[in-house]
Amino acid sequence: MRDPAQGALANVIQEADCLVYLGKPIDFTSGFGLHTAESAREFIVITDDGKIQQRAQECSHEKPLLSVPLSPVKAVTSILGYLAAENDRDFSSKESPGDNSRIRWCEFVENALAHRELASHDSSSLYSKNVVQCVQEALHELPDSILVCDGGEFGQWSQAFASSETRLTNGPGGAIGGGLPYAIGAKIGRPDATVIAFMGDGTVGFHLAEFETASRENVDITVVIGNDSRWNAEHHIQTRDYGLGRTHGCGLGDNIRYDIVAKGLGCEGVFAETIDELRQGLKLSQRSGRPTCLNVIIPGAPAPVYKEFDFEESS
């Protein structure tokens, strides 16, 4: 519900008749409650975790709730076994003989998940979307890649417009700054994978010295820092709540050279003010075999906001 990679998933939830939480905690990622699907007539929570069951009861907001104290794996196995026995056909297929509604629903879900049309767009060459898509071009050429997305506004752009077989984010806890350590751990765990991390200049400040760890352990990772010289999430929140010109404590130093800091800690460093410089930096990072910091100067864009998703048009 809160992941830009899921496109218009929230619209899908709103149209659902029944919402099943399959081992899924009721947390930030789903809006802390079962009220997120207004049209749903039924909510089912399947988990053998007592704390998740209790949270579901507390957040049900008087909605009808069926709480099933069962392991999600056992539940799925039982459901599929029952359906197969009743109908003697493969329910993993989205085709349903004599009923096109299921096919239309699956098409709607696919279109919603792929939805990326932005409500507004900045024409500058190093707009966050363009930076992420440039990195994604490099990811396409790599058969085994791990994508690390830190928190903050730039991190959400990376979640929206970059993808790989394996992705790590800051998770439902929302802590920021772990992108660099996550990337180091991911590379050590899968040394043959190409690891690329997206971080903002605010998030990288938490564990900047871990570039020394990457250098000392010779961990070949690429860290792309979107540098807009501010705590961008806080800037946009304060601007929204208090108005233009009334932000406080959001600014960071202009054009801080994180690439030079990374070099001083034993890594490669690239300063990029154009898309071409970013492309060249990505090529350098792949050739060098060394941990590389790409310090990319970007305008401070808010997290991606998509245009309204039209259920009728998608159907």
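The values are calculated or read from the model by the stated rules, or taken from the named source; none is laboratory data. Computed from a predicted structure; not experimentally measured. Backbone-built Cβ (ideal geometry, glycine too); neighbour counts: all protein chains shown.
Check I188 against each of (1) over 22 Å from R167 (Cα atoms); (2) at pLDDT 95 or above and name the one condition it does not meet.
For I188, the exception is condition (1).
How many residues does region 30-74 contain that are within 23 Å of Q6 (Cβ to Cβ), in contact with a strand residue (DSSP E or B) (Cβ under 6 Å, 6 or more places away or on another chain) and of a type in the set (A, V, I, L, M, F, W, C)?
8
Regarding I225, is this residue closer than 25 Å to K283 by Cβ and either assigned by TED's automatic domain parsing to the domain that holds A272 or among the charged types (D, E, K, R) (or both)?
Yes: the conditions hold for I225.
Looking at (1) in a loop (DSSP other than H, G, I, E, B); (2) surrounded by fewer than 16 Cβ atoms within 10 Å (Cβ to Cβ), find the lone condition where Q14 falls short.
Condition not satisfied by Q14: (1).
Restricted to region 150-191, and to residues that are β-branched (V, I, T) and out of contact with any Pro (no Cβ under 9 Å at 6 or more places or on another chain), which residue is farthest from S128 (Cα to Cα)?
Applying the filter and picking the extreme gives I188.
Select from region 286-298 the residues that are under 16 Å from C134 (Cβ atoms) and modelled with pLDDT under 95 and list them in ascending order.
Q286
I'd like the full set of residues that are in contact with a helix residue (DSSP H, G or I) (Cβ under 7 Å, 6 or more places away or on another chain) and within 21 Å of F28 (Cβ to Cβ), limited to region 57-81.
C59, S60, H61, K63, L65, S67
Okay, residues lined up against (1) in a loop (DSSP other than H, G, I, E, B); (2) modelled with pLDDT of 95 or more; (3) touching a Phe, Trp or Tyr at 6+ places or on another chain (Cβ under 6 Å); (4) acidic (D, E):
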residue: S92; (1), (2), (3), (4): yes, no, no, no
residue: E95; (1), (2), (3), (4): yes, no, no, yes
residue: D99; (1), (2), (3), (4): yes, no, no, yes
residue: R102; (1), (2), (3), (4): no, no, no, no
residue: W105; (1), (2), (3), (4): no, no, no, no
residue: V109; (1), (2), (3), (4): no, no, no, no
residue: R116; (1), (2), (3), (4): yes, no, no, no
residue: D122; (1), (2), (3), (4): yes, no, no, yes
residue: V135; (1), (2), (3), (4): no, yes, no, no
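Residues of region 165-209 being hydroxyl-bearing (S, T, Y), more than 11 Å from the chain's Cα centre (by Cα) and buried (at least 19 other Cβ atoms within 10 Å of the Cβ), which ones?
Scanning region 165-209 gives Y182, T194, T203.
Does region 49-63 contain any residue that is surrounded by 18 or more Cβ atoms within 10 Å (Cβ to Cβ) and β-branched (V, I, T)?
Yes, that holds for at least one residue.
Looking at (1) modelled with pLDDT under 90; (2) under 30 Å from F309 (Cα atoms); (3) assigned to a helix (DSSP H, G or I), can you tell me which one S60 breaks?
(3)
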